[in-house]
Each structure stands twice: as structure tokens, then as C-alpha cells.
Amino acid sequence: MWLYLLTRIVLAAVIIVTAVTLVFLMIHAVPGDPAAALLGPRATPEMKAQIHQQMGLDKPLIVQIATFFGGLLHGNLGFDVFSQRSVADIVFEQLPYTIELVVVSILWAGLVGVPLGCYSAMKRNALMDQVVGVVGVATIAIPSFVMAVYGLLIFAVVLGWLPAIGAGEGLSDSILHLVLPAFAIGIGWVGYISRLVRASMLEVLGENHVRMVRSFGISEWRIVTRYALPLAILPTVTIVGVGIAWLLSSAVFIEMVFARPGIGALVINAVNTRNYPVVMGVVLVTALLTVVATTVSDLIAAVLDPRTRETL
């Protein structure tokens, strides 16, 4: 186990370094001058040169990358040239809103998708199984931003049941503001999880140990929940861990639609203004979250199925 954890830490470091380096190169390839965006059209060459010096843009690209990783080793993500604030403070000020949205989205999707998948497996080829399958595939095919726009129009504008924009103040108000964004992100995962659980459940229900348990006269629902589900849920746990990056990217668009605070609006504004330190800070944090999520999902799979520990 310790060797596995050490291997994952080394792999995580390689992934983060690679991701940050690639984004660093890509953002510098985008046309535009951050000094011009900061100072406006009346900026003089001397003023632009001063901003370039403050941001380190007057140095070769390889030196800029080395400087960034050198600061990272000391826990320094740099400073925002526009506000003169620490990039770490800016990112971690917005990050809780995005994590809150992603966690609520995947939780409600799992709470709905897993029972639907189990029910479909128990009622294989029945009418409800086919209905759940059609609805599940349909929700997977519809993009999250389309669900967000229609949810906003129907439930916020036409019916007025839910708030349209913002994150709310206080616990009850924040929950109400989370409903539509979390629905838009999670609805596709409901279909995905239900289809994945159904396929895995059908495979597990055909194994010998399940047939033996069934021969003792135990109810089908107990067989599914007690003996089959811990094994059938493993692919879903793995996919959710890997899908954290997709969930974070979906949250970027959803936060823009609902005008929610979070790293979505932060990174969009940073890219538009060529605010390199903030972009790199967001990329670093999201890459770290993705690596942590995949590692946790693997550990959960090892707890649920002892056979997988042999591969650790």
C-alpha cells in the first residue's frame, strides 16, 4: 500500500508539472499583450515594459517556467498584477464555490443513478428498464449548458420557483441557488451512472457466489444491495474519480450561465485579460484536485473489493 501511495505521488507530480507546462506554453502562444489589457490603449512603450518586467515577461520562456516552479516549491503562486493580491488567495477564495457545486452535482446524480441502475438490472428487458434506458441515454446526450439554459428559463424565469443568478447568502438561500446549477451538471451523470451500474450489476448477478446466495432463498433486493452492489459499483467509483476533470470543466460553463462565483468566471476573465499568474494558479489547483480524486477513487475501490488490493 505504501509503495502504491508513493508511486501515485510521483505520478501526480509528473502529471501536474506536465499540465502546468503545457498550459504555460499555450497561454503564451495566444495573441495579445497583458500589459495592453491592463494599461489600456493609451499606454506608452515605457509603461508596457515596466509591466512586462513586473510579470517577468521580459525573460526567456524557459526562465519564466523555472521561476514559476521555483516559487511553487516555496508555496508561492505569484501575484495578480491587476489587484496586487496573492494568486493563492484569489484562487482559494473562489474554489469553495466550485467544489460545492461539483460535490452536490455528483452526490445527487449518484443517489438517483445507482438505484435506477439496480432496478433496471432486476427488471431486465421489462418496460421500466427500457424507459430508464431511453431517458438515461437522452440525458447523457444533452449538454449541461443546454440543460442550464432551459432550467433557468423554465424554473427561474417562467415559474419563478428558484433563484436565477448568484450563490445566495445563508444556508437555506445557498441551497436554493445550488438547485439549478447542480441539476444542470448532474442530470447527464444520472443516465451515465444508471447505465454503468446496470451493466455491471447484470455481470455480477451472473457470478457463482450470487447464484449460491440466491439458492438460500434470500430476497432479490437484499442480494442486489448486500452482495452484488459492492462489486457492481466499482466501475462507477473509478469513472467518477476520473470524471472530476470533466465535472470541473462543466462547472466553468454553468457558473457563467448562472453568474455564480467560482473558478469558472475567474479563469475566463484571467484568459481574456492575459492574466498569466491567475490562469496558472487555477490550472495547478484543478490538476491537483483531479489527481487527488482519482487516487481516492482507487483507494475506495480497494476497500470495496479486496481483490483489487493485489494490484496496489
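The values are calculated or read from the model by the stated rules, or taken from the named source; none is laboratory data. Quantities reported herein were computed from a predicted structural model and do not represent experimental measurements. With ideal geometry, Cβ positions are generated from the backbone for all residues, glycine too; neighbour counts draw on all protein chains shown. SASA here: full protein model, heavy atoms, side chains in, ligands and nucleic acids out. Shrake-Rupley method; radii C 1.70, N 1.55, O 1.52, S 1.80 Å.
Structure above, values below:
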{"quantity": "Unit charges at the beta carbon, dipole of the chain: most positive-side option, Val157, Gly243, Val210", "calculated": "Val210"}
{"quantity": "Pairwise label distance in nanometres, Ser83 with Ser174, each label 7 Å out on the Cα-Cβ vector", "calculated": "1.8 nm"}
{"quantity": "1.4 Å probe accessible area per residue over the stretch 156-253, in Å²", "calculated": "50 Å²"}
{"quantity": "At 0.692 mPa s and 37 °C, Stokes D of the stretch 47-109 from Kirkwood alpha-carbon radius, µm² per second", "calculated": "234 µm²/s"}
{"quantity": "Tilt relative to the chain, helix 61-73 - C-alpha long axis, 0 to 90 degrees, to 10", "calculated": "60 degrees"}
{"quantity": "Helix 244-257 axis, angle to the chain major axis (alpha carbon atoms, nearest 10°)", "calculated": "60 degrees"}
{"quantity": "With Cα atoms, 0 to 90° folded angle of helix 263-272 axis to the chain main axis", "calculated": "40 degrees"}
{"quantity": "Neighbour net charge for Thr98 - beta-carbon separation under 15 angstrom, K R +1, D E -1", "calculated": "-2"}
{"quantity": "For the stretch 71-185, size of Cβ-based charge dipole, Lys and Arg +1, Asp and Glu -1, in debye", "calculated": "500 debye"}
{"quantity": "Sites Gln53 and Val296, calculated FRET efficiency, Cβ-Cβ separation with R0 41 Å, nearest 0.05", "calculated": "0.45"}
{"quantity": "Gaussian network model of the chain, springs between alpha carbon atoms under 10 Å - residue of Val146, Val112, Val257 with greatest fluctuation", "calculated": "Val146"}
{"quantity": "Cβ crowding within 10 Å averaged over residues, with 148-154, 229-235 ranked highest first", "calculated": "229-235, 148-154"}
{"quantity": "Coarse-grained scattering of the stretch 39-151 at q = 0.10, 0.11, 0.13, 0.14 Å⁻¹, given as base-10 log I(q)/I(0) from a Debye sum over alpha-carbon atoms", "calculated": "-0.63, -0.68, -0.77, -0.81"}
{"quantity": "Cα→Cβ-extended label distance, 7 Å offset, between Trp246 and Tyr150, nm", "calculated": "1.9 nm"}
{"quantity": "FRET efficiency, 1/(1 + (r/R0)^6) with R0 30 Å, evaluated for Ser215 and Leu127 via beta carbons", "calculated": "0.55"}
{"quantity": "Label-point gap, in nm, between Ala138 and Leu162 - each point 7 angstrom along Cα→Cβ", "calculated": "1.8 nm"}
{"quantity": "Top positive-direction residue, dipole computed over the stretch 168-281 with Cβ charges, set Ala184, Val257, Val224", "calculated": "Val224"}
{"quantity": "Within the stretch 165-222: Cβ-based charge dipole about Cα centre, in debye rounded to nearest 20 (Lys, Arg +1; Asp, Glu -1)", "calculated": "380 debye"}
{"quantity": "Relative packing of peptides 275-284, 165-174 - highest average C-beta neighbours within 10 Å first", "calculated": "275-284, 165-174"}
{"quantity": "Carbon and sulfur %, accessible surface of the stretch 48-146 computed with the full protein complex present, 1.4 Å", "calculated": "67 percent"}
{"quantity": "Cubic angstrom per residue, convex hull over Cα atoms of the chain", "calculated": "170 Å³"}
{"quantity": "Most fluctuating residue given options Ala293, Ala19, Ala66, as computed from a GNM of the chain linking Cα atoms under 10 Å", "calculated": "Ala66"}
